[in-house]
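Trainee: Just dropping this structure here.
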Amino acid sequence: MDEQTSFETVAPFLIFFVYALPVILMIGGLIIGSILESRHFASIRSREAATADYPAVPTRSWDETRAVAEVRLVASSVVVSLDYFKRILAGLRNIFGGRIRSYESLLDRAKREAILRLKESAPGFDIIVNLRVDTSNIASVHNRKKGIGGVEVLASGTAIRYERRKG
């Protein structure tokens, strides 16, 4: 077998690995990422419905006519990584300008998850007051360029349990 024949048999495989495989992996990542994101949103919606009667409000006031049995500072944190597809879309959007909807859904998911974890960290309490939600970027360094690698959302508040009325 001469060199020309071996190159002709290897060339299609090289072309596949250089050009087609990255595209296939990117499309596969997009599909899998979309499925996982929709499952997470479904989980969030069901958990929000289960905790709908447990308010978390940004105000500092509560029902002062009722006696307070316990007060506790509660906090929760969520870190969400950005996938490459969203980074590519955001990079294109940075060139042309406009809303970055892929980041908006990411932040919405992270914020809602942080608030749900906050509620779940204080079971049996009646209300969470003075709710605060803070975000911060987690930097990713690639080729000496800083970019966003992920987002952290921190939710905190004061959980209040009222005394139960006897009788």
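The values are calculated or read from the model by the stated rules, or taken from the named source; none is laboratory data. What you see is a predicted model; the values in this text were computed from it and never measured. Note: ideal-geometry Cβ built from the backbone for every residue, glycine included; neighbour counts use all protein chains shown.
Trainee: For region 99-122, indicate whether the set of residues that are aliphatic (A, V, I, L, M) and in a loop (DSSP other than H, G, I, E, B) is non-empty.
Mentor: yes
Trainee: Somewhere in region 11-27, is a residue touching an Asp or Glu at 6+ places or on another chain (Cβ under 9 Å) and surrounded by 11 or more Cβ atoms within 10 Å (Cβ to Cβ)?
Mentor: Checking region 11-27: not a single residue is touching an Asp or Glu at 6+ places or on another chain (Cβ under 9 Å) and surrounded by 11 or more Cβ atoms within 10 Å (Cβ to Cβ).
Trainee: Is there any pair with a first residue in region 98-124 that is at positive phi and a second that is surrounded by fewer than 20 Cβ atoms within 10 Å (Cβ to Cβ) whose Cβ atoms are under 7 Å apart and which are 6 or more apart or on different chains, and what are they?
Mentor: Note: pairs meeting the criteria are G124/R161.
Trainee: Kindly indicate which of R109, R117 is at pLDDT 95 or above, under 30 Å from P55 (Cβ atoms) and among the basic types (K, R).
Mentor: R117
One line per residue, one yes/no per condition, for (1) of a type in the set (G, A, S); (2) loosely packed, with under 11 Cβ neighbours inside 10 Å; (3) free of Cβ contacts under 8 Å to residues at least 40 places away in the same chain:
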| position | (1), (2), (3) |
| --- | --- |
| S38 | yes, yes, yes |
| S43 | yes, no, yes |
| D53 | no, yes, yes |
| A56 | yes, no, no |
| S61 | yes, yes, no |
| T65 | no, yes, yes |
| V68 | no, no, no |
| L73 | no, yes, no |
| V80 | no, no, no |
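Trainee: Here's something else I'd like to know. Quick check: is even one residue across region 24-32 of a type outside the set (F, W, Y), assigned to a helix (DSSP H, G or I) and under 12 Å from the mean Cα position of the chain (by Cα)?
Mentor: No; the residues of region 24-32 include none that is of a type outside the set (F, W, Y), assigned to a helix (DSSP H, G or I) and under 12 Å from the mean Cα position of the chain (by Cα).
Trainee: Here is a check on your reading of the model: is D134 under 22 Å from the mean Cα position of the chain (by Cα), more than 25 Å from G28 (Cβ to Cβ), of a type in the set (D, E, K, R) and not in a helix (DSSP H, G or I)?
Mentor: On the way: under 22 Å from the mean Cα position of the chain (by Cα): yes; more than 25 Å from G28 (Cβ to Cβ): yes; of a type in the set (D, E, K, R): yes; not in a helix (DSSP H, G or I): yes.
The answer is yes for D134.
Trainee: Counting only residues that are of a type outside the set (G, A, S) and not in a helix (DSSP H, G or I), which one in region 34-61 is modelled with the lowest pLDDT?
Mentor: R60
Trainee: Just checking, which of I148, I95, I138 is surrounded by 14 or more Cβ atoms within 10 Å (Cβ to Cβ), hydrophobic (A, V, I, L, M, F, W, C), modelled with pLDDT under 80 and over 21 Å from R60 (Cα atoms)?
Mentor: Checking each option against the conditions leaves just I148.
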